[in-house]
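To start, the structure itself, in structure tokens.
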Amino acid sequence: MASCSLFRRSKSCFIDFQYDPKNDRAGDVRNILLVVATLIAAVTFQAGVNPPGGVWQDTKDGHEAGTAIYASREADFYVFLICNTVALSTSVLVIIFLTYNFPFHLEVLIATASMLATYASAIFAVTPADYSFRFRFILIAAALPFVLRVLIYIVKCIANQGKENLCDTCKAQKKSGNSEDNCRKCGSEIPKSKGANNA
């Protein structure tokens with residue numbers, strides 16, 4: 001019985017820190033997401049440039065100087081490269097989306113694209129030559145978050161085709177003829193209904 005009450009207490013902690021669209025402002029949420037995405041990008045970039053265990057300092061016993069020591073465990077290193085690349089690529093995608101239409105957005109795009117190119121160059125440099133045939137999977141891992149986001153967008157467009165593109169609040173305001181508020185989804189003012197104009 002005591003374990004149940006402990007579980008309930010810990011569960012309420014999670015509820016307290018969850019995103020609440022009624023109380024959390026969009027600007028604050030965006031700033032938090034930018035900080036988290038930037039932290040993930042920094043950590044994953046550093047892990048790719050400087051792999052765990054470091055690099056071989058000299059060429060002997062079948063190892064080349066400058067290649068990752070961790071690469072001697074092929075399966076583990078390959079999983080590390082793919083997961084690290086997916087994490088970096090996803091965080092870059094979040095950064096790009098959250099800074100859309102901001103001043104210097106083009107510069108942010110150039111910087112993030114350059115960072116991805118630098119990351120790719122670094123992992124090519126520290127990975128042994130016999131891994132070269134597997135790099136196509138790492139490139140697929142880098143493209144995966146972008147492809148998934150495009151697919152989600154396409155599915156949402158198909159699902160919303162022919163439907164009114166309003167949030168629940170906006171629909172209710174449109175029915176009642178209230179034009180004082182803007183739609184939370186699209187940000188535009190809700191038009192007055194014909195009944196409200198006649199009144």
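The values are calculated or read from the model by the stated rules, or taken from the named source; none is laboratory data. Please read these numbers as outputs of a predicted model, since none were measured by experiment. Cβ atoms come from the backbone with ideal geometry, glycine included; neighbour counts cover every protein chain shown.
Checked against (1) modelled with pLDDT under 80; (2) over 22 Å from Gly48 (Cβ atoms); (3) of a type in the set (A, V, I, L, M, F, W, C); (4) in a helix (DSSP H, G or I), Cys186 passes all but a single condition, namely (4).
Residues considered: Gly27, Gly48, Gly66. Of these, the only one that is assigned to a helix (DSSP H, G or I) and loosely packed, with under 14 Cβ neighbours inside 10 Å is Gly27. Going through (1) farther than 14 Å from Phe45 by Cβ; (2) in contact with a Phe, Trp or Tyr (Cβ under 8 Å, 6 or more places away or on another chain); (3) not polar (S, T, N, Q) one by one, Tyr119 falls short only on (1). The conditions of being surrounded by fewer than 12 Cβ atoms within 10 Å (Cβ to Cβ) and in a helix (DSSP H, G or I) are not met by Ile82.
Only a single criterion out of (1) free of Cβ contacts under 8 Å to residues at least 40 places away in the same chain; (2) within 26 Å of Phe137 (Cβ to Cβ); (3) of a type in the set (Asp, Glu) is not satisfied by Glu64, namely (1). Go through segment 96-108 and give me each residue that's more than 14 Å from Thr38 (Cα to Cα) and within 15 Å of the chain's Cα centre (by Cα). Answer for segment 96-108, where residues must be more than 14 Å from Thr38 (Cα to Cα) and within 15 Å of the chain's Cα centre (by Cα): just Tyr100.
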